[in-house]
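Right, one structure below, let's go through it.
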Amino acid sequence: MAPSPDSYSPVRSILLVIALLGLILTSIFLSRRSVHGIQQASASIYKDRLVPTGMLVNLTAAVYRKRLLLETYALATDKPNKGLITSTLDGFNRRTDSLLTEFERTKLTEKEAERLRLFRQRLTVYNRLEGELTTNLVDSPAARQALFAGSGSTAFGQVVQTLDELAALQLTVGEELLNESRGQTNYIYVLTALQIGLVLMIGLSLFWHRFQ
């Protein structure tokens, strides 16, 4: 005698519950993976965006302090203390080299790496002009002022422009990471809603078959 259709009900209920539980477990796994992605994006925003931005701020401050010190030297009417000026500039140069080395160790995009190379090149040119100003090659006040206001001003402007471009790139990449985190967060919301729906389906299915 063939089994009645009602005899299949418990089996179908068990299979349905197993299938729904499998979907819930799958959605939980996907949620955990998305959370891990958000954690990585947050760590990258701090480590590869915020920290380098702080380095750029310190680097900009060092470059401007070099410029102000050089301005004091170039525009001085009396004979300045070259030894003190040179040693102070050397300290700033070591500071900038240290910051650049730390900045290079962070995660850089291709555009950032390109701008960083350009910045190093322009900074080398500017440092060379600083050296000319603080040596006996340019000893008269008029010659110092002409070099400071001419080639020195142009080279300094190029250095600052490259720093501004690096800072803008930092913000652009940071915004991309934030948008990625928002997308993953919305994805988690969808998975959570799916999990709730599946749990309700399991509860309704059990309730239905319990009172049939």
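Tell me, what HN-Hα J-couplings in whole Hz come from the Karplus equation 6.51 cos²θ - 1.76 cosθ + 1.60 at θ = phi - 60° for each residue of the stretch 54-70, using x for Gly and Pro?
Couplings: x, 5, 5, 4, 5, 5, 4, 4, 5, 5, 5, 5, 4, 5, 5, 5, 5 Hz.
Each label point is 7 Å from the Cα along the Cα-to-Cβ direction; what then is the distance between the points at LEU118 and ILE196, in nm?
Going from the LEU118 label point to the ILE196 one covers 5.0 nm.
Calculate one ³J(HN,Hα) per residue across the stretch 110-124 by plugging θ = phi - 60° into the Karplus curve 6.51 cos²θ - 1.76 cosθ + 1.60, and present them in order as whole Hz with x for glycine and proline.
Rounded to whole hertz, the list is 4, 5, 5, 4, 5, 5, 5, 4, 5, 4, 4, 4, 5, 5, 4.
None of the figures in this text is laboratory data; all of them are computed from the coordinates on show. Keep in mind that this is a model prediction, so the values were computed, not measured. Cβ atoms come from the backbone with ideal geometry, glycine included; neighbour counts cover every protein chain shown.
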